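The structure appears right after this line, and notes come after that.
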Amino acid sequence: MARESHFSMGLHQRLHPYIGRRDYDGLVGVLSTLSNSQFRTAGYMIGERYAAEMDNGDFWALFARLHLWDAKAFLVTMLKSLCQRISSHRSDIRDEGFASLCANMNEIDRQKTLRLLLPVMPDHLLVVALFKAVGFDDRRTWLPFLINADTLPCYYVLFNSLRFVEDDRAYLVRLAVYLIRKGDSLSFSMASLIREYFGLDEVKGTFSLRLRPYQLSHIETSYESFLDIMRM
């Protein structure tokens, strides 16, 4: 299979003038005339080049226009660009542009947004803010996304969200076992914490974590205490 191109000078000459003029309706008009292979290359160029270089207001305007025109084709492309912009502090989920975008998302869009953005949230407060921005208010619906995000901020929010299912011991056991089977050290430490905190003796393994009463009382309200325990 031929390797897909991520750039075409011919396409650049057609697309970039519209980007420069902020004429996103005109850009969509050109995109609608492209062949399948040209369209894929144009997607790479928009996500990896043009969107990466824009100022924040222009980025959100382009994102909104492309999402309105063809969310299936451009949502993931633009979310990947957003991940890079968040990591470089050029965009933020607290921007008005993100709130406007979320208001026009369907359920599948929201799920894709969570899966892609959760791993780049720099702290637990922004993890919570992201769920609220996309309209996920029931913490029980957060759990499947948090389990797979594999970051300390997400695992802390996961831990604090487990109180909504703490009466479902079978679920907690399945969760701990799933984390162990992921095979990485962070997930194993999280499984160990859940086992110790909820007294899940039926979860088998070699666990060295032992929590003292004062640690149990602080961990839910202190991210720093959670970090200390996860680093033990």
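Springs between alpha-carbon pairs under 10 angstrom, Gaussian network model over the chain: which of Leu79, Leu130, Leu216 fluctuates most?
Among Leu79, Leu130, Leu216, the largest GNM mean-square fluctuation belongs to Leu216.
By the scheme Lys and Arg +1, Asp and Glu -1, what is the net charge of all other residues having a beta-carbon under 12 Å from that of Val76?
With Lys, Arg at +1 and Asp, Glu at -1, the net is +2.
Assign unit charges at the C-beta atoms only (+1 for Lys and Arg, -1 for Asp and Glu), then state the dipole size of region 63-180 relative to its Cα centre in Debye, rounded to the nearest 20.
So the dipole magnitude of region 63-180 works out to roughly 240 debye.
Once you've got the GNM for the chain with C-alpha springs shorter than 10 Å, pick whichever of His89, His12, His124 has the biggest mean-square fluctuation.
His89
Take the Cβ-Cβ distance between Arg115 and Gln13 as r, set R0 to 41 Å, and report the resulting FRET efficiency rounded to the nearest 0.05.
Calculated transfer efficiency: 0.70.
Restricting to Cα atoms and excluding each atom paired with itself, what does the Kirkwood estimate give for region 85-173 in Å?
It is 13.6 Å.
What does a probe at Asn104 reach in region 29-50, counting residues whose amide N is under 15 Å from the point 7 Å along Cα→Cβ?
29
Between Tyr178 and Arg231, what's the calculated FRET efficiency when r is the beta-carbon distance and R0 is 30 Å? Round to 0.05.
0.85
Full-extension gain between Leu211 and Lys72, please, as 0.36 nm times their residue separation minus the C-alpha to C-alpha distance.
45.4 nm
What is the extension gain from Asp92 to Glu166, computed as 0.36 nm multiplied by their sequence separation minus the C-alpha to C-alpha distance, in nm to one decimal?
Additional length available on full extension: 23.4 nm.
With the full set of protein chains in place, find how many percent of the accessible area of region 16-101 is carbon and sulfur; take the probe as 1.4 Å.
Reported share for carbon and sulfur atoms: 47 percent.
Assuming R0 = 30 Å, can you tell me the calculated FRET efficiency for the pair Asp150 and Glu53, based on Cβ-Cβ distance, to the nearest 0.05?
The computed FRET efficiency comes out at 0.50.
Report, in whole Å, the centroid distance computed from the Cα atoms of region 176-232 and region 37-56.
42 Å
Please list 63-69, 49-55, 218-224 highest first by mean number of surrounding beta-carbon atoms within 10 Å per residue.
Highest to lowest by the protection proxy: 63-69, 49-55, 218-224.
Name the aspartates and glutamates eligible as straight-distance cross-link partners of Lys182: C-alpha to C-alpha under 14 Å, and not fewer than 8 places from it in the same chain.
Correct list for Lys182: Asp150.
Leaving out ligands and nucleic acids, note down the accessible area per residue over region 36-177 with a 1.4 angstrom probe, in whole Å².
Each residue of region 36-177 exposes 47 Å² on average to a 1.4 Å probe.
Please check: in the Gaussian network model of the chain (C-alpha springs, under 10 Å), which one of Tyr214, Tyr44, Tyr156 has the largest mean-square fluctuation.
Tyr214
Can you compute the modelled spin-label distance between Lys80 and Thr141, with each label point 7 Å from Cα toward Cβ, in nm?
Taking the two extended label points, one gets 2.7 nm.
If you roll a 1.4 angstrom probe over the protein chains with everything in place, what fraction of the accessible area of region 107-232 belongs to carbon and sulfur, to the nearest %?
52 percent
As a test of understanding, state the convex hull volume per residue of region 1-153 from its alpha carbons, in Å³.
About 124 Å³ per residue, rounded to a whole number.
At a probe size of 1.4 Å, how large is the accessible area of Lys112, to the nearest 10 Å²?
Approximately 70 Å² of Lys112 is accessible to the 1.4 Å probe.
The values are calculated or read from the model by the stated rules, or taken from the named source; none is laboratory data. Because the structure is predicted, anything quoted here is derived from the model rather than measured. So basically every Cβ, Gly included, is an ideal-geometry build from the backbone, and we count neighbours across all protein chains shown. In case anyone asks, the SASA skips ligands and DNA or RNA and just uses the protein heavy atoms, side chains included. Shrake-Rupley method; radii C 1.70, N 1.55, O 1.52, S 1.80 Å.
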